[in-house]
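Q: Submitted below is the structure of interest, expressed as structure tokens.
No value in this document is a laboratory result; all are computed from the given coordinates. What you are looking at is a predicted structure, and each value in this text was computed from that prediction instead of being measured. Here Cβ is always computed from backbone atoms with ideal geometry, including for glycine, and neighbour counts include all displayed protein chains.
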Amino acid sequence: MIPMLDLKAQYAALKPELDAAVLGVLASAQYVLGDEVAAFEREFAAYCGAAHGIAVNSGTSALHLALLAAGVGPGDEVVTVPFTFVATVSAICYIGARPVFVDVEPAGLTMDPARLEAAITPRTKAILPVHLYGQTADMAPIMEIAGRHGIPVVEDACQAHGAEYRGRRAGGIGVSGCFSFYPGKNLGACGEGGMIVASDERQAKTMRMLRDWGQSQRYHHEVKGFNYRMDGIQGAILRVKLRHLDAWTEARRAHAGRYMRALAGSSRARPPAELVGRRHVYHVYAVRTPERDRLRRSLEEAGIQTGLHYPVPVHLQRAHADLGHRAGDFPVSEAAAREMLSLPIFPEMTAQQIAAVVGAMHEDAHVG
Ligand SMILES: Cc1ncc(COP(=O)(O)O)c(C=O)c1O
């Protein structure tokens, strides 16, 4: 059995450090926010090359607050992509704003800058590209177009901890960047967690208030806020894990290299492209194959877990039918939803496990 990820192996490797971190918080009784969370905010913001970090209770909350702080309100439009996890779009809807979709480009499956300008209207208040699978969107043309229109760019970096675009870290390029620390992420909590990293001090201050009931000081509520605070235990755990993130990323990249070399000859399962100027952190290792569902079944029979990220693009989800889209509106996203298959990748994986996955793919007559 080869799983998609192995969180028990990660815990086993870090047990003494993680146990001590958790016990430290239990003893301090700083269960919500507190010193460990504040230290993690400083450390993770610095890691991303951003001035401020605002820790919250999920990536979805991070997106919600980042859009509010960027000035998005009810009835405004936010331009994003349909080929993403639904949370990207839900955060826009939380505000009562309207998601406006731009299709992705075929190579990286991130926002197609060539289609962006046509989606901008006088109501556009933010642009929300998604750094899918651990590779950033093509940020230079996106920032250029946004700058020309005076529209802030909020990065959905929930899958891209440590990814780089032309030497700059994901999350530190736009006005703010949103991260998820859901357990399976490259940097994962032992529960839910998220963070916004931001360059603008005023926006950072607003988000700090918004996550904590809009308080400037206890029981003095400046704005209508939320209970989006990070737990102390998660902050302490994430500080420990952040120290291992670069080594984990290197391991993921080495695994991706092995997959890439082994799949180079396959005409039926195309490995992901690492695009020029980008450092992919391989949160997801997704190959493209026209026989996706059949290949998935044969890998499952060989004891190999796979995933689908994502089988239905957001514009075709029933939950968002009110937006009035139909099949054919975003053909690149729709083709990706049919053809992308995620293979196991996690730092603790062995070269033998990679060889076993590739072996099972080659045994599948349609792929080899
Ligand atoms: C692209 C993307 N955006 C947003 C989210 C939401 O993060 P969370 O699950 O922490 O709320 C995720 C995580 O699953 C994600 O992958």
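Q: Grab the eigenvalues of the alpha-carbon gyration tensor for region 1-113, scale each by 5, take roots, and send me the semi-axes largest first in whole angstrom.
A: Numbers: eigenvalues 221, 95, 35 Å².
Listed largest to smallest, the semi-axes of region 1-113 are 33, 22, 13 Å.
Q: Work out which trypsin sites (Lys or Arg not before Pro) in the chain are exposed loop sites (DSSP not H, G, I, E or B, at most 11 other Cβ within 10 Å) and give the longest gap free of them.
A: Numbers: sites that count: ARG218, LYS224, ARG326.
My reading of the result: 1-217 is the longest stretch.
Q: What number of lysine-lysine pairs in the chain show an alpha-carbon separation below 25 angstrom, given a sequence spacing of 8 or more or placement on distinct chains?
A: Taking the Cα cut-off of 25 Å, the pair count is 8.
Q: For ARG98, which sequence-distant residues (separation of 5 or more, or a different chain) have an amide H within less than 5 Å of its own amide H, given hydrogens modelled in the peptide plane?
A: Long-range HN contacts for ARG98: GLY75, ASP76, GLU77, VAL78.
Q: Across region 246-259, in residue order, what do the Karplus-derived ³J(HN,Hα) couplings come to in whole Hz, using 6.51 cos²θ - 1.76 cosθ + 1.60 with θ = phi - 60° and x for Gly and Pro?
A: 3J(HN,Hα) across region 246-259, in whole Hz: 5, 5, 5, 4, 4, 5, 4, 5, 5, 4, 4, x, 5, 4.
Q: Further question: For an R0 of 45 angstrom, estimate the FRET efficiency from the Cβ-Cβ distance between ALA302 and ALA273 and round to the nearest 0.05.
A: Taking R0 as 45 Å, the efficiency between ALA302 and ALA273 is 0.95.
Q: With the crude spin-label approximation of a point 7 Å out along Cα→Cβ, what separation in nm comes out for HIS244 versus MET1?
A: Label-label distance for HIS244 and MET1, simple model: 2.1 nm.
Q: Let me ask you something else. Using 0.36 nm per residue, how much length does the chain from ALA327 to GLU291 gain when fully extended, once their Cα-Cα distance is taken away?
A: 10.9 nm
Q: Sticking with this structure for a sec: For region 8-67, what ratio Rg/Rh do Cα atoms give with a Kirkwood hydrodynamic radius?
A: On the way: Rg = 13.9 Å, Rh = 13.4 Å.
Rounded to two decimals, Rg/Rh equals 1.04.
Q: In terms of modelled amide H atoms, which long-range or inter-chain residues lie less than 5 Å from the amide H of ILE304?
A: Amide H neighbours of ILE304: ILE2.
Q: Here's another thing I want to ask about it. As a footprinting exposure proxy, order MET195, MET209, MET139 by other Cβ within 10 Å, with the fewest listed first.
A: MET209, MET139, MET195
Q: Further question on the same structure: Whole-Hz ³J(HN,Hα) for each residue in region 152-165, computed from phi via Karplus 6.51 cos²θ - 1.76 cosθ + 1.60 with θ = phi - 60°, x for glycine and proline: what do you get?
A: With coefficients 6.51, -1.76 and 1.60, one gets x, 9, 9, 8, 8, 9, 4, 10, 9, 4, x, 5, 10, 10 Hz.
Q: At what distance in nm do the modelled label points of GLN215 and ALA27 sit from each other, each positioned 7 Å from its Cα along Cα→Cβ?
A: Distance between the two pseudo-spin positions: 2.7 nm.
Q: A follow-up question, please. Would you mind ranking MET230, MET1 by Cβ crowding within 10 Å, fewest neighbours first?
A: Least crowded to most crowded, the residues run MET1, MET230.
Q: Please report the equivalent ellipsoid semi-axes of region 231-362, computed as sqrt(5 x eigenvalue) of the Cα gyration tensor, largest first, in whole Å.
A: Here the semi-axes work out to 27, 23, 15 Å.
Q: Another question about this same structure. I need the phi-derived Karplus couplings for region 175-184: 6.51 cos²θ - 1.76 cosθ + 1.60, θ = phi - 60°, integer Hz, Gly and Pro marked x.
A: 5, 7, x, 10, 10, 10, 10, 3, x, x
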